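Chemist: Have a look at this one.
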Amino acid sequence: MSIRRLLAYGAIYFLWGGSFLGIRELVAVIPPFFAAGFRFTLAGLVLIGFSHLRGQTEMPRGSRIGVSTLGVIMFTLMYAALFWGEILVPSGIAAVISAMIPVWIFIGELAILRTQKATLLAVAGVVLGFAGVVVLAWEAPLSHSGSGARASTLAVLVLIGGTFCWSGGTLLSRRLTLPKPQTLNAGWQMAVGGGLLFLLSAMAGELRRLPALHVMLRPTLIFSMAYLVFAASIVTFTAYVWLIAHEPATRVASYAYVNPVIALFAGAVLAGERLSALQLVGVLLVLAGVFATLTGKQVVPAARKVAV
């Protein structure tokens, strides 16, 4: 494997895996919707500016509607859920729940788009992954008491809802007109999603709860935001797009079960996050389910695909 491929895989494995702890560090101090809005507005503007510098500005007719739709679903809704959920749920658990995205996409491809075949291994993966998520949601109250228990369970459910949004947006993107340059496409989605996250932040009264400027300029927070904007959004997305064009999709999708391992390790070592025995069972079920689903996927031959 070439050095370029190794670096690209390293980015989607490690940089994305570490992003969950970065989010956790930010939302411990900064209101979640404001933090998410800042991340994606800045990342989106950088990508749009980069595309314009390269002369890649093609916006086909209808593409503005496409990027706006995906910006709302995949960035405003998904990341509002993720940033808010990580206030109450450990970063490693949030990463494990997010790993279910390929499973939900497979279910959509199977039941709605009819582009996948239901192999025994893939179906077993769906069952295992779903069982793992149920265990994680069930175990959440055992780590807290009183209202904290209900809040933690709600946070897990909100995180699951966010993964549904990302999965639905991924399926919908196949039917929408989008800008041809991937950097411009992603930039507009992030910018639209980030702008609406700022609006959501204002509506939720977060602007009145922002910490003092000297608090937000603490080195740990600056590093966390810089990491999320440049490493986890811009660099990693570019690596991901390049890999999709040069590597088998199933191999690239392996990030879905590597990211949680990296996130769990980072949370344990750097933030002292610990899992109960039952939570560990849930994690293993989810990882096994994602692995089985991705391994067992079987594309329906073009002649047999059903139009929807």
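Chemist: From the protein chains alone at 1.4 Å, what is the descending order of accessible area for Val235, Val300, largest first?
Modeler: The ordering from most to least exposed comes out as Val235, Val300.
Chemist: Residue by residue, what Karplus-based ³J(HN,Hα) values in Hz, rounded to whole numbers, does segment 251-260 have, using 6.51, -1.76 and 1.60 with θ = phi - 60° and x for Gly and Pro?
Modeler: So the J values, rounded to whole Hz, are 5, 5, 5, 4, 4, 5, 10, 8, 3, x.
Chemist: Averaging over all projection directions, find the projected area of the Cα convex hull of segment 166-308 and quote it in nm² with one decimal place.
Modeler: Computing the convex hull of the Cα atoms and averaging its projections yields 12.9 nm².
Chemist: Within a Cβ distance under 15 Å of Ala11, other residues only, what is the Lys/Arg minus Asp/Glu net charge?
Modeler: Computed value for this residue: +2.
Chemist: Go through 224-234, 172-182, 17-27, 90-100 and give me the packing order, highest mean Cβ count within 10 Å leading.
Modeler: Working: 224-234: 20.5, 172-182: 16.2, 17-27: 24.9, 90-100: 27.5.
Per-residue Cβ counts within 10 Å, averaged per peptide and sorted highest first, yield 90-100, 17-27, 224-234, 172-182.
Chemist: Could I ask something else about it? Extending each Cα 7 Å along its Cβ direction at Leu213 and Leu270, get the distance between those two points in nm, one decimal.
Modeler: Between Leu213 and Leu270, the simple spin-label model gives 2.8 nm.
Chemist: Another question, if that's okay. Give me the extension gain from Thr220 to Phe50: residue separation times 0.36 nm, minus the current Cα-Cα distance, reported in nm with one decimal. Intermediate results must be reported in sequence, preceding the final value.
Modeler: Values: separation 170, 0.36 × 170 = 61.20 nm, distance 2.71 nm.
Here the segment from Thr220 to Phe50 would lengthen by 58.5 nm.
Chemist: With the crude spin-label approximation of a point 7 Å out along Cα→Cβ, what separation in nm comes out for Val134 versus Leu7?
Modeler: The two pseudo-label positions are separated by 4.6 nm.
Chemist: Measure off 7 Å from each Cα along the Cα-to-Cβ vector at Val29 and Leu120, then give the distance between these two points in nanometres to one decimal.
Modeler: So the label points at Val29 and Leu120 sit 5.4 nm apart.
Chemist: Moving on. For segment 5-64, just say rounded, prolate or oblate: build the C-alpha gyration tensor, square-root its eigenvalues into a ≥ b ≥ c, call rounded for a/c under 1.5, and beyond that prolate if a/b exceeds b/c, oblate if not.
Modeler: Oblate shape, in that a/c is at least 1.5 and b/c is the bigger or equal ratio.
Chemist: If you don't mind, there's one more thing I want to ask. With the cut-off at 1.5 for a/c, could you classify segment 40-116 from its C-alpha gyration tensor as rounded, prolate or oblate? Working shown, then result.
Modeler: Numbers: a/c = 2.55, a/b = 1.31, b/c = 1.95.
Oblate is the answer for segment 40-116, as a/c is 1.5 or above yet b/c matches or exceeds a/b.
Chemist: Report the local net charge at Ala249: Lys and Arg +1, Asp and Glu -1, summed over other residues whose C-beta lies under 15 Å from its C-beta.
Modeler: +2
Chemist: Could you give each residue of segment 197-203 its phi-based ³J(HN,Hα) in whole Hz, using Karplus coefficients 6.51, -1.76, 1.60 with θ = phi - 60°, and x for Gly or Pro?
Modeler: 5, 4, 4, 4, 4, 5, 5
Chemist: What is the list of residues in segment 92-131 whose amide nitrogen lies under 18 Å from a point 7 angstrom out from the Cα of Arg175, following Cα to Cβ?
Modeler: From segment 92-131, the list is 104-116.
Chemist: Just add up the charged neighbours of Phe106: K/R +1, D/E -1, any other residue whose Cβ is under 11 Å from the Cβ of Phe106. Mind showing how you got there, number by number?
Modeler: On the way: positive: Lys117, Lys297; negative: Glu109.
Within the 11 Å Cβ shell, the charges total +1.
Chemist: Using θ = phi - 60° and the Karplus curve 6.51 cos²θ - 1.76 cosθ + 1.60, what whole-Hz ³J(HN,Hα) does each residue of segment 36-47 get, with Gly and Pro shown as x?
Modeler: Along segment 36-47, the couplings run 5, x, 4, 4, 7, 5, 5, 4, x, 5, 4, 5 Hz.
The values are calculated or read from the model by the stated rules, or taken from the named source; none is laboratory data. Bear in mind that the values here come from a model prediction, so they are computed numbers and not experimental data. Positions of Cβ are generated from backbone atoms using ideal geometry, with glycine treated the same way; all protein chains shown enter the neighbour counts. Ligands, DNA and RNA are stripped out before the accessible areas are found, and what is left, the full protein with its side chains, is counted by its heavy atoms. Shrake-Rupley method; radii C 1.70, N 1.55, O 1.52, S 1.80 Å.
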